[in-house]
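Accompanying notes for the structure given below.
The values are calculated or read from the model by the stated rules, or taken from the named source; none is laboratory data. What you are looking at is a predicted structure, and each value in this text was computed from that prediction instead of being measured. We place every Cβ from the backbone using ideal geometry, glycine too, and count neighbours over all the protein chains shown.
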Amino acid sequence: MPSGIYPRKSLEERFWPKVDIRGENECWPWKKGLDSWGYGNFCGRKAHRFAWELKHGPVPNGLMVLHHCDNPSCCNDKHHFIGTHQDNMD
């Protein structure tokens, strides 16, 4: 491989350095920019949703990744669950 050319990192390899990974049961906040609602964005998706999908696979159509912790920047999948928009409102 010519000098100066490196293989591109996977999305997962690029994602995790942007998360402040703390204790196993603590919130893992997104370290980069947040939207006006406090959610992180990564490659056109919400960071917490991307974290969920890395561990559990795609989110079924019509459902959302919700936070038990109510911390929109949290990327710890142990704090997430799948639910409907109404679940989120409740």
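Take the conditions among the charged types (D, E, K, R), over 12 Å from the mean Cα position of the chain (by Cα), assigned to a loop (DSSP other than H, G, I, E, B) and modelled with pLDDT of 95 or more and apply them to E13. Does it pass? Spelling it out, it is not the case that E13 is among the charged types (D, E, K, R), over 12 Å from the mean Cα position of the chain (by Cα), assigned to a loop (DSSP other than H, G, I, E, B) and modelled with pLDDT of 95 or more. A residue that is part of a helix (DSSP H, G or I) and not hydrophobic (A, V, I, L, M, F, W, C) occurs somewhere in the range 54-62.
Quick one: in the range 28-38, of everything that is more than 17 Å from E53 (Cα to Cα) and not acidic (D, E), which residue is surrounded by the fewest Cβ atoms within 10 Å (Cβ to Cβ)? First the steps, then the outcome.
If we filter the range 28-38 for residues that are more than 17 Å from E53 (Cα to Cα), which is where we start, we get 31-38.
If we keep only those that are not acidic (D, E) as well, we get 31-34, 36-38.
Details: K31: 15, K32: 12, G33: 8, L34: 15, S36: 5, W37: 8, G38: 12.
Within the range 28-38, the match that is surrounded by the fewest Cβ atoms within 10 Å (Cβ to Cβ) is S36.
In the range 25-38, the residues that are in contact (Cβ under 8 Å) with a residue 40 or more places away in the chain reach residues that are of a type in the set (G, A, S) with C-beta atoms within less than 6 angstrom, at least six apart or across chains, in these pairs: P29/S73; W30/G40; W30/A47; W30/S73.
Among the criteria (1) modelled with pLDDT of 95 or more; (2) assigned to a loop (DSSP other than H, G, I, E, B), the one S3 does not fulfil is (1). Does P72 count as part of a loop (DSSP other than H, G, I, E, B), under 14 Å from the mean Cα position of the chain (by Cα), at pLDDT 95 or above and within 22 Å of M89 (Cα to Cα)? So P72 fits the description; yes. Counting the residues of the range 16-29 that are in contact with a Phe, Trp or Tyr (Cβ under 8 Å, 6 or more places away or on another chain) and not in a helix (DSSP H, G or I) gives 4. Checked against the criteria, D87 counts as free of Cβ contacts under 8 Å to residues at least 60 places away in the same chain, charged (D, E, K, R), surrounded by fewer than 13 Cβ atoms within 10 Å (Cβ to Cβ) and not in a loop (DSSP other than H, G, I, E, B).
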